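These notes concern the structure reproduced below.
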């Protein structure tokens with residue numbers, strides 16, 4: 001964590017060099033060294049500027065402001081939003097996000113997430129993806145708290161707003177992606193099952209933003225798992241959800257891209273490298289096979305001309321044979337990659 005009121009040597013050297021070499025504007029190359037009194041003035045100004053713009057100082061101030069908020073109400077929303085807006089500009093930096101946690105800022109975020117005011121909860125929850133996204137240190141800190149299980153309980157709340165549910169899904173995705181221990185805890189707490197449950201609830205309640213978000217984040221998690229996606233049985237969950245979404249949704253387009261980038265038709269394994277995941281289509285249960293076929297066929301009809309349309313049509317024909325005769329193996333090849341929601 002950075003120190004306050006300290007001017008870095010590099011900053012001093014560069015700025016003082018410029019100040020000392022400045023001429024009187026006459027264009028002459030010769031210049032005189034800045035008088036000691038003026039040099040001291042510049043040094044003080046630099047130190048003051050560093051103090052005023054120090055991110056740690058600002059985060060500390062905002063954390064103290066959060067601590068002053070007790071039992072929340074609608075009257076606190078504007079104040080909380082202003083604080084979160086300011087923090088948002090800081091904690092998107094991976095190092096400052098770590099500093100925020102070291103300053104116990106995450107403790108205050110979690111506390112206010114558990115308040116009775118939905119709007120305040122939404123404001124605090126939007127900080128989580130900024131803090132946790134691709135940040136192993138913050139993800140480790142989060143696992144020492146009850147944040148992950150608490151976010152899963154939000155998905156089960158009867159009166160949770162659409163905005164809070166969507167932000168909770170994004171938060172969970174940012175915590176578990178590319179972090180093996182976090183994903184294991186998520187999986188053990190039946191996180192995928194709860195994603196599918198909140199998806200169904202969202203469809204029933206016409207919370208289409210939440211339904212779309214559920215497919216988006218589940219696809220992102222599948223991508224981040226790479227070769228391990230098979231053992232967690234993610235595909236059947238995605239098939240069931242995607243088929244209930246509108247074909248023009250962002251979630252369906254994203255899932256289709258994932259499938260199109262990873263489907264291959266191979267009779268042997270010679271083309272696969274050690275870090276690639278292989279799954280025979282025959283290993284899917286019959287319902288999942290049918291759902292995959294129906295999803296791809298529906299998206300092809302909806303989206304018209306696709307970059308790999310010929311490949312997809314050929315794949316669907318072969319799938320049709322498998323569904324009818326159950327004789328041909330078609331493999332999925334999933335490269336080890338990770339993605340942001």
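The values are calculated or read from the model by the stated rules, or taken from the named source; none is laboratory data. Please read these numbers as outputs of a predicted model, since none were measured by experiment. In this analysis, Cβ positions are derived from the backbone assuming ideal geometry, glycine residues included, and neighbour counts consider all displayed protein chains.
In segment 134-145, how many are under 13 Å from residue 98 (Cα atoms) and outside any helix (DSSP H, G or I)?
Narrowing segment 134-145 to residues under 13 Å from residue 98 (Cα atoms): 134-142.
Then drop every residue that is not outside any helix (DSSP H, G or I), which leaves 134-135.
Total satisfying the criteria: 2.
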| message | Among the residues that make up segment 116-123, is at least one of them more than 17 Å from residue 173 (Cβ to Cβ) and under 19 Å from the mean Cα position of the chain (by Cα)? | response | yes
| task | Tell me, yes or no, whether segment 146-162 has at least one residue that is within 18 Å of residue 219 (Cα to Cα) and part of a helix (DSSP H, G or I). | result | yes
| query | Are any residues in segment 204-214 surrounded by 19 or more Cβ atoms within 10 Å (Cβ to Cβ) and assigned to a helix (DSSP H, G or I), and if so, which ones? | reply | 210, 211, 212, 213, 214
| field | Filter result for the condition that a residue is assigned to a helix (DSSP H, G or I), in contact (Cβ under 8 Å) with a residue 40 or more places away in the chain and more than 15 Å from the chain's Cα centre (by Cα), over 165, 106, 131 | value | 106
| query | Within segment 109-118, which residues are surrounded by fewer than 19 Cβ atoms within 10 Å (Cβ to Cβ) and part of a helix (DSSP H, G or I)? | reply | 110, 111, 118
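On the basis of being more than 26 Å from residue 120 (Cα to Cα), crowded, with 17+ Cβ neighbours inside 10 Å and in contact (Cβ under 8 Å) with a residue 60 or more places away in the chain, does residue 170 make the cut?
Numbers: more than 26 Å from residue 120 (Cα to Cα): no; crowded, with 17+ Cβ neighbours inside 10 Å: yes; in contact (Cβ under 8 Å) with a residue 60 or more places away in the chain: yes.
So residue 170 fails the test.
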| remark: Per the list (1) modelled with pLDDT under 95; (2) exposed (fewer than 14 other Cβ atoms within 10 Å of the Cβ); (3) part of a helix (DSSP H, G or I), residue check on residue 57 breaks on (2)
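Just to be sure I understand, how many residues within segment 149-160 are more than 20 Å from the chain's Cα centre (by Cα) and under 15 Å from residue 209 (Cβ atoms)?
Final tally of qualifying residues: 1.
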| said: For segment 293-307, give me each residue that is surrounded by 14 or more Cβ atoms within 10 Å (Cβ to Cβ) and at pLDDT below 75. | reply: 303, 306
| Among the residues of segment 215-228, is there at least one that is assigned to a helix (DSSP H, G or I), out of contact with any helix residue (DSSP H, G or I) (no Cβ under 8 Å at 6 or more places or on another chain), more than 26 Å from residue 131 (Cβ to Cβ) and at pLDDT below 95? | yes
